[in-house]
Amino acid sequence: MAKDIKDLGWNELIPGAALFSFTEPVEDVAEVPMDERPYAPTNSHEYSVGDWRVEKPVFNRDYCIDCQFCWVFCPDMSILSRDKKMIGVIYDHCKGCGICVEVCPTNPKSLLMFPEHMDNDEALSKWPSKEEKKK
Amino acid sequence: MTKKIKNLKEFSLSNDRYEGANLMCPGCSHNIIVREVLNATNDPVIVATATGCLEVCTAVYPKTSWDVSWIHIGFENAAVAIATAQAAYEVLKRKGRLPEATKKMIEEGREPKFVAFAGDGGTYDIGFQSLSGAFERGHNFMYVCLDNEVYANTGGQRSSSTPIGASTTTSPAGTVSYGEKMMKKSMVEIMSDHGAPYVAQVSPSKWKDLVKKVQKGFEVNGPVYINAQSACTTEWKHAPEDTIEVSDLGVESCVWPLYEIINERDEHGIIYNTKLNITYRPKNKIPVEEYLAAQPRFKHLFKPENRHIIELWQKAVDAKWEHLQRREEAGV
Ligand SMILES: Cc1ncc(C[n+]2csc(CCOP(=O)(O)OP(=O)(O)O)c2C)c(N)n1
Ligand code: SF4
Ligand code: SF4
Ligand code: SF4
Ligand SMILES: [Mg+2]
């Protein structure tokens, strides 16, 4: 049987090879939401960079105004928004850069960085009531 | 078909065609720009990427981060690769040999868009011959320069986009040098002077301005050049979470003015009208010093012996801003 593409070395790659994004043709990708796409094992979407993080952003629904600043400025497609609502962080793709926290306009912020190992429920219980004013 | 994007909430309905778990650094602007450009349309997009961070980090064997048709090409020829793909598309269309799904989209007014992404090294320097040729021949495509002012992917060498005073690995600051000696090349004007119908300068932090310009560019027939400010956390040496703030400082200080130049040409290619529009005017133009201070690549400029370079910077930025305003006013 042919080897799985994931087990092939770069030196076994045939020059001019194509890497497929999906396991079957998707005619109109822009109209298909992420969770309904037939991702191929060769699509980076199927991988995780979560272990790059030292700190992770935690989302607190209570203060969020769904402005979508975090969605537009996240470099890594890691803010999940549906129907104009912010839903949460995709931890397999989030690299912990902290941009979403910086651009979040609410007070207290609706996204804050916490240590990677901390449980999200514990993080939520430690949420500041009002952020200290920056100098 | 121009996608309706009235506000950010509406924009957030976009389904990204660029994927996570690519290997770009945390906080990289290249990614933010690519997202904003691709999400500016729902039409099919064909992308060619010149070698540089974006290409190398989104196609690490055996993975791809692209859900659009994507061409992996050399450092020096992204413009020609995408122009050729577009020319091939025109031929297939004329001969009626496009796939049925594509034909249907064209009937709905959703013509495929052809986009090249390249770094400043691949644009200002090494890909310039291919870019200039493709613009001169008037192919129908959009070229987006991800301008981080340095050859980031190979360890931070200076390019002709690197601004004066920046410390890079080939223009290091130290006891005998204040860093880069040359002023940044004026790429936007150079591309406009090719007679291109539309060129613009954008910043990912001003997402709406960027999206509007990209949409305008997609509507135009002929080569379009977009110069995108791309704060690079690794080479500008700011913290990853500060990417948007640093970009904003660039815009608010007029170091990175947002404007567009439109050339109207007749059927012989003669330009009969040129218009320059400044698309964002800072309410309070902040001192260049604030922009420089936010990036450790300029740290040494704050030593007394290098202060004159900061003054020079301010002078250069003021002169450029003045020049842009004069061009806008005169309609040339
Ligand atoms: C013809 C050629 N020369 C040199 C290289 C090596 N190289 C690969 S990426 C790169 C730097 C790219 O810089 P830039 O275009 O600014 O993109 P960035 O990585 O900064 O996004 C260089 C020099 C190459 N791949 N091909
Ligand atoms: S930036 Fe903050 S308030 Fe806005 S959608 Fe994101 S989490 Fe909610
Ligand atoms: S920390 Fe960075 S990568 Fe993670 S969700 Fe926030 S902006 Fe995106
Ligand atoms: S080196 Fe700079 S441009 Fe390259 S991936 Fe890192 S932040 Fe982005
Ligand atoms: Mg570069």
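The calculated FRET efficiency for residue B:154 paired with residue B:87, based on their beta-carbon distance and R0 = 30 Å, is about 0.45. Near the amide H of residue B:171, within less than 5 Å, lie the amide hydrogens of B:158, all on another chain or at least 5 residues away, with H placed in the peptide plane.
Between the alpha-carbon centres of region A:89-132 and region B:65-125 there is a gap of 40 Å.
Can you tell me the FRET efficiency between residue B:69 and residue A:51 if r is taken as the Cβ-Cβ distance and R0 is 35 Å, rounded to the nearest 0.05?
For residue B:69 and residue A:51, the calculated efficiency is 0.65.
Helix B:243-252 and the longest principal axis of the C-alpha atoms of chain B enclose an angle of approximately 80°. Here chain B carries DSSP beta bridges of which approximately 40% are antiparallel, counting only pairs with both residues inside. Full extension of the chain between residue B:273 and residue B:320 yields a length gain of 14.7 nm, computed as 0.36 nm times the residue separation minus the alpha carbon distance. Charges were assigned to the Cβ only: +1 to each Lys and Arg, -1 to each Asp and Glu. The resulting dipole of the protein assembly as shown about its Cα centre is roughly 940 debye. Positive-end ranking of B:25, B:83, B:251 along the dipole of the protein assembly as shown, with charges on Cβ about the Cα centre, is headed by B:251. Kirkwood hydrodynamic radius computed over the protein assembly as shown comes to 23.3 Å, based on all pairs of distinct alpha carbons. With a simple spin-label model that places each label point 7 Å from the Cα along the Cα-to-Cβ direction, the separation between residue A:22 and residue B:302 comes to 5.1 nm.
How big is the convex hull of the Cα atoms of region B:8-330, per residue, in Å³?
Each residue corresponds to 139 Å³ of Cα convex hull volume.
What percentage of all Cα-Cα pairs in region A:48-127 are separated by more than 22 Å? Roughly 14 percent, rounded to a whole number.
The largest accessible area among B:29, B:69 belongs to the first residue in B:69, B:29, and the rest follow in falling order (1.4 Å probe, all chains). In chain B, the longest principal axis of the Cα atoms and the axis of helix B:307-330 are about 40 degrees apart. The phi-based Karplus calculation (6.51 cos²θ - 1.76 cosθ + 1.60; θ = phi - 60°) puts the 3J(HN,Hα) values of region B:84-98 at 5, 4, 5, 5, 4, 4, 4, 5, 4, 5, 4, 7, x, 10, 7 Hz, whole numbers, x for Gly and Pro.
Based on protein heavy atoms only, the protein assembly as shown ends up with 45 Å² per residue of surface accessible to a 1.4 Å probe. Here r is the Cβ-Cβ distance between residue A:7 and residue B:181 and R0 is 56 Å; the resulting FRET efficiency, rounded to 0.05, is 0.65. Taking amide H atoms as placed 1.01 Å from N in the peptide plane, the amide H of residue B:18 lies under 5 Å from those of B:67, each 5 or more residues away in sequence or on another chain.
Placing +1 on the Cβ of every Lys and Arg and -1 on the Cβ of every Asp and Glu, with no other charges, gives region B:8-330 a dipole of roughly 160 debye about its Cα centre.
For residue A:120 and residue A:14, the difference between the fully extended length at 0.36 nm per residue and the C-alpha to C-alpha distance is 33.6 nm. Under 5 Å from the amide H of residue B:265 lie the amide H atoms of B:272, each residue being 5 or more positions distant or on a separate chain, with H modelled from the backbone and absent for Pro and chain starts.
The mean number of Cβ atoms from other chains found within 10 Å of a Cβ in peptide B:26-32 is 6, as a whole number.
Under the convention that each Lys and Arg Cβ holds +1 and each Asp and Glu Cβ holds -1, the size of the dipole of region A:1-47 around its Cα centre is about 300 debye. The loop-placed trypsin sites (Lys or Arg not before Pro) in region B:1-75, going by DSSP, that have at most 15 neighbouring Cβ atoms within 10 Å of their Cβ come out as B:4, B:6. Take each residue of peptide B:53-64, count the partner chain Cβ atoms within 10 Å of its Cβ, and average: the result is 4. Let me know the mean shielding of A:73-83 by other chains, meaning the per-residue number of their Cβ atoms within 10 Å of its Cβ. Per-residue shielding by partner chains comes out at 6. For region B:206-261, the residue among B:220, B:240, B:210 whose Cα projects farthest onto the positive side of the dipole built from Cβ charges is B:220.
Just subtract the alpha-carbon distance of residue B:108 and residue B:94 from 0.36 nm times their residue separation and send over the number in nm, one decimal. Let's see the in-between values first.
Working: separation 14, 0.36 × 14 = 5.04 nm, distance 1.73 nm.
Difference between extended and current length: 3.3 nm.
Computed from phi, the 3J(HN,Hα) profile of region B:257-270 under the Karplus parametrisation 6.51, -1.76, 1.60 (θ = phi - 60°) reads x, 9, 7, 9, 10, 10, 9, 9, 10, 8, 5, 8, x, 7 Hz, with x in place of Gly and Pro.
Once the dipole of the protein assembly as shown is set up with Lys and Arg at +1 and Asp and Glu at -1 on Cβ about the Cα centre, which of A:125, B:48, B:278 lies farthest towards its positive end? Value: B:278.
Free of any GluC sites (Glu not before Pro) that DSSP assigns to a loop and that have at most 11 other C-beta atoms within 10 Å, the longest stretch within chain B is B:109-266.
Bridges between two residues of the protein assembly as shown, per DSSP, are antiparallel at a rate of about 50%.
The values are calculated or read from the model by the stated rules, or taken from the named source; none is laboratory data. All of these numbers come straight from a predicted model, not from anything done at the bench. Virtual Cβ from ideal backbone geometry, glycine too; neighbours counted across all protein chains shown. Areas reflect the complete protein model, heavy atoms only, side chains present, ligands, DNA and RNA absent. Shrake-Rupley method; radii C 1.70, N 1.55, O 1.52, S 1.80 Å.
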